[in-house]
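What follows is calculated from the coordinates using simple rules that are stated; it is not laboratory data. Note that the coordinates shown come from a computational prediction; the quantities given were computed from them, not determined experimentally. Positions of Cβ are generated from backbone atoms using ideal geometry, with glycine treated the same way; all protein chains shown enter the neighbour counts.
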Amino acid sequence: MKDDKIHIYTDGSCIGNPGPGGWGAIILHDEKEHDLKGGNKDTTNNRMEMTAIIHALKWLRQDKNIPTEELDQAHITIHSDSNLIIQTLNKGWKRKANTDLWAEMDKVRAWLNIEWVWVKAHADNHYNNKVDEMALAQAKKH
């Protein structure tokens, strides 16, 4: 195994909330950066935040990206400025909305060693600012 540490930065954006939205994710592994992004024409900010995490974890689980045996041993840190997501996963806050996405997130994160870290939005974190820009650009496209 080359490097058992994987850092993922995610963000979601919505213009209008609900309205057109976008999401961005950056996966840092083995000194490489993998950028993922997408959007939806009618969504909410929280749905885009969750979608970014789901897509990043799905990307990790594709064998061609990181072999399963390597992923099983990896320490994954997900950095998000969504206090709702981080507190729900770290402190067990009640899941009141978006239950479809919570179920999907539970499925794609099962058996992975994930540390959930909150980062301040619009601060001096390079990767958080980059995923914020990616998410907003995607929202503007939809």
**Asked** Looking at the chain, what % of its DSSP beta bridges pair antiparallel, to the nearest 5?
**Response** 60
**Request:** Write out the trypsin sites (Lys or Arg not before Pro) in segment 1-45 meeting two conditions: DSSP loop, and at most 13 other Cβ atoms within 10 Å of their Cβ.
**Result:** 2
**Request:** Kindly provide the trypsin sites (Lys or Arg not before Pro) of segment 50-105 that DSSP labels as loop, not H, G, I, E or B, and whose Cβ sees at most 15 other Cβ atoms within 10 Å.
**Result:** 64, 94, 95, 96
**Fill in**
Of all GluC sites (Glu not before Pro) in segment 1-65, the ones in DSSP coil with at most 10 other Cβ atoms within 10 Å are 31
